[in-house]
Amino acid sequence: MTRITLGGAVLRGTVSTALVASLMSAPALGAAPVDLSKWSPEYVRSIAGTQDFDTAADCAKVTPLDYKGRLTFWYQGVFEGDPDLLRQYYKDFFETFRKTYPNIQLEDQALTYNDLLDKFRTALLGNAAPMAVRLQILGGTEFASKGYLQPLKPEDVGYSTEDFWPGAMKAVTWDGVTYGVPTNNETMAFIWNADIFKRAGLDPDKAPATWDDVVKYSKQIHDKLGIAGYGLVARKNAGNTPYRFMPQLWAYGGGVFDEATANPTYKQIELDSPQSKAALQASYDMYVRDKSVPVSALTNQQADNQPLFLAGQLGMMISHPSDYNVMLDLQNRATGTDKDKAQTVINNMRYGLIPTGPDGKRAVVFGGSNIHILKPEYVEGGKVDEPAAKAIICMWTSPEWSLKMAYAGSNPGNLNGFKTKWMKERLDSIKFLDVTTSMLPYGIPFPALPQSPEIMNIIVPDMLQNALTGAMTVDQAADDAAKRVKELMGGGL
Amino acid sequence: MTILTGKTGTRGGLRPLLRKIWEHRADYAYVLPAIAVMLIVIAYPIYYTVELSFFNTPPGLQLRDKIFVGVDNYTAILSSEIFWKVTSNTLIWTLASTFIAFVLGFACALALHRDFVGRGVLRAILIIPWVISAVAASYIWKWIYHSDFGIIGAVLVQFGLADRPPNFIDSVSTVLPSLIVVNIWREFPFAMIMMMAGLQTVPDQLLRAAKVDGANAWQRFWHVTFPHLRNVSTVTILLLAVANFNSFIIPWIMTGGGPSNASHIWITHIYELAFGRQRWGVASAYSVLLFLILMMFGYFYVRALSGNERKDGSA
């Protein structure tokens, strides 16, 4: 049914040594439990289901199972755009933890991606933070650089640094010290509706090869069918925006700094480079010139694109593998003829690699989350129960749970998760998973800087909005954004 | 209860003042807990905000490592383009919302003041926007306005009144008026209730006497009703203005201040500076300026209330 020409694309991607090197900079790569140099859908399939792990036994070595303590824990939890399957796994995890460690009094609190940073920052100002926190990948460096976090490396919770993606380890490292353990890592993929492609006169089983093609396809879909072509997202203070614009920016050869290179220094600002402006121009062309994307892109986020896609009103978008499950959930809730329409869209869902830039560069945000332990002075009550915190971290970052907690929407932070039976089950049950795991080697982490949240959540979306609303020209918007990054890096007010 | 004025204290010296305080020690004891709470939750935050407004707080530093910059935050604010844009948005938002909500509320109050069948039901219906959650209302209006699939757009397209749905909240030119409409919808019932209460105080015999003297409806309203409502109108307008100056939920939820800062008002901008960008110092300086402006409103509010009390006392 689905014919995705992955082989050639993946091969080319694997040869993109610069990007791969950026992700594989760990010295002990040869000894890694999963050989990242062989990364391909076939390799992932070959290792899936080859090893069993006893999570409780492994974590008992870190914190005895009869340990008595109390833990306050905040985490970025499921939100409205996640599938029900993931909700169930989160529920299962906390039930299992409480059963495994019956004497640890766990006070857990789930927060959405967009709320977590604000609430956590505020709590820190009042020394009222939780003992442990699971933050989005973007947040770790900010809090480590400010001295809020305790040094914490995978070895402290029973694993090896080589068990995790080197790119993910970069995101939890500040000034040479590791301050957290990755829980999950993800790369998104390109999704399209084959039926819409067909009706618009496009090849229904072929994703746009380049971002210039995305612009063309989007226009063609809009002109022929009167619906939105590409699901542009440009809302401010929403994580979805950088996750969708940065792959485009990097593919054109641009960037905020040199974060897309093998050894980034973050010294040179690139937002006003001709390549970055070309990427912004592509968004401008779709939104302003062709009017081929949702008008609501400036106030919407990805959760708003999902129902549009399911309603057959959107041709293409960047998203997680979990979107297939989200569509199934939404379809289950639909009634009458809507249910049939939704089924047609699901039957026509196709996943492919994210398009390249004009020079064949393919990129995607290397996303995910990390777990950290706070220093006692910033925690409510002034005490941190370290064994209890390490128990939950060991469990969440175990091969079993780092996979289960990322079952539908992401990938396990612990690479051994790819070897578990649940990975095998996942490959069989989650459609299109191959595509998103294939994107992993193209993943580029956000700049590991304390200023990154402001750059990604405010400055980059502002740049997009300034250009797309006509408040500034493309050149002015890019120059303005570069100037703001420069001021920010200079410690300006 | 006895009100001690400065005049009393200075005329009689410190000793009589202290004696009076001692005589009323029980009264002071009763209000002491409230004053203590006020000091903790109001006075200290105000002091800390003022202090913080003289510091730079770069995102790479903890708040305790803040850098003293004197009045630089204030000069940076006043010399920034965004300040003037946000101030202009705030003034438009506050004045338009306050004026239109008041006029609409007043008109509804006048209409509902008459006796007619279904008045009670209509009054209950009109109060609904004010009693429902602002958060829920914001999300509902966001979908009503949705630039691609909003209800308004769908109706206009369905009836052939527009080729494509109008762009309400994704355009820099229409976003603020669109949000103001939502705010007015939320607030006019408050003005209506206040003015309905005020209308109860207008003496019937005066209106009847004016009618006997040949005054028409407009003359009765202008010369009899309105003068009686002057104070309640002032208070209503001031309360609406203060609420609008401090309004956060509707613009933040519906647009987050966007697109391109076109719907940022002071309070949303302060929130973004503080929590999104961690510019606690600049955000504090903004807050101090906002506090001073609101204190002016507070002054006029107290004056209006005092005016009422004096009138009541002399009547």
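Just so it is clear, none of the values below were taken in a lab; they were calculated from the coordinates. Please read these numbers as outputs of a predicted model, since none were measured by experiment. Glycine gets a Cβ as well: all are built from the backbone with ideal geometry, and neighbour counts include every protein chain shown.
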Within straight-line cross-link reach of B:Lys211, lysines at Cα separation under 27 Å, skipping those fewer than 8 residues along the same chain: B:Lys311
Angle in degrees between helix A:113-125 and the longest Cα principal axis of chain A, rounded to the nearest 10: 40
Among B:Leu305, B:Leu32, B:Leu78: highest mean-square fluctuation, GNM of chain B, C-alpha pairs under 10 Å: B:Leu32
Packing-based order for A:372-382, B:280-290, using average beta carbon neighbours within 10 Å, highest first: B:280-290, A:372-382
17 Å cut-off, amide nitrogen to a point 7 angstrom out along A:Arg87 Cα→Cβ, residues in the stretch A:321-337: A:322-335
Peptide B:164-171, shielding by other chains (average Cβ, 10 Å cutoff): 4
In order through the stretch A:320-331: 3J(HN,Hα) via Karplus (6.51 cos²θ - 1.76 cosθ + 1.60), integer Hz, x for Gly, Pro: 7, x, 5, 4, 4, 5, 4, 4, 5, 4, 5, 5
Karplus-derived 3J(HN,Hα), 6.51/-1.76/1.60, for each residue of the stretch A:56-64, Hz, glycine and proline x: 4, 5, 5, 6, 4, 6, 8, 9, x
For the stretch B:119-260, convex hull of alpha carbons as volume per residue, Å³: 161
The stretch A:356-426: trypsin sites (Lys or Arg not before Pro) in DSSP loop, at most 16 other beta carbons within 10 Å: A:Lys383
Relative contact order of the stretch B:23-91, pairs being alpha-carbon contacts under 8 Å that are 6 or more residues apart, as %: 19
Descending Cα extents along the principal axes, chain A, whole Å: 65, 52, 45
Calculated FRET value between B:Ala124 and B:Asp213, using beta carbons and R₀ = 30 Å, to 0.05: 0.25
Amide H within-cut-off set for A:Ile104, under 5 Å, with H built and near neighbours excluded: A:Gly69
Inter-chain Cβ neighbour average for residues A:443-456, partner chain, 10 Å: 2
Helix A:6-15 vs. chain A, principal-axis angle (Cα, 0 to 90°, nearest 10): 60
Tilt relative to chain A, helix A:336-347 - C-alpha long axis, 0 to 90 degrees, to 10: 90
Candidate aspartates and glutamates - alpha carbon under 15 Å from A:Lys404, same-chain residues fewer than 8 apart omitted: A:Asp52, A:Asp54, A:Asp82, A:Asp84, A:Asp92, A:Glu95, A:Glu186, A:Glu425, A:Asp428
Where only alpha carbons of the stretch A:201-347 are counted, the Rg and the Dmax (Å): 16.7, 57
Cβ crowding within 10 Å averaged over residues, with B:218-225, B:256-263 ranked highest first: B:256-263, B:218-225
Selection of chymotrypsin sites (Phe, Trp or Tyr not before Pro), the stretch B:88-168, meeting DSSP coil and at most 13 other Cβ within 10 Å: B:Phe116, B:Phe159
Inter-probe distance in nm under a simple model that places probes 7 Å from Cα toward Cβ, at B:Gln200 and A:Gln109: 4.2
Nitroxide proxy distance, nm - points 7 Å out along Cα→Cβ at A:Lys486 and A:Lys68: 6.2
Inter-chain shielding of B:60-72 (mean C-beta neighbours from other protein chains, 10 Å cut-off): 3
Free-standing Cys residues across the protein assembly as shown, given no other cysteine C-beta under 4.7 angstrom: B:Cys108
Over 20 Å between alpha carbons, listed pairs A:Lys198/A:Lys219; A:Lys68/A:Lys91; A:Lys236/A:Lys483: A:Lys68/A:Lys91
Separation in nanometres of the label points that stand 7 Å from Cα toward Cβ, at B:Leu292 and B:Tyr139: 4.0
Relative contact order %, chain B, counting alpha carbon pairs below 8 Å whose residues are six or more apart: 25
DSSP-assigned coil residues among trypsin sites (Lys or Arg not before Pro) in the stretch B:100-202, each with at most 12 further Cβ atoms within 10 Å: B:Arg114
Length-normalised contact order for chain A - Cα pairs under 8 Å, 6+ apart - percent: 28
Shape parameters for the stretch B:67-314, alpha-carbon atoms, Rg then Dmax in Å: 21.7, 73
Karplus 3J(HN,Hα) series, Hz, for the stretch B:153-167 with 6.51 cos²θ - 1.76 cosθ + 1.60 (x for Gly, Pro): x, 4, 5, 4, 5, 4, 8, x, 7, 8, 6, 9, x, x, 8
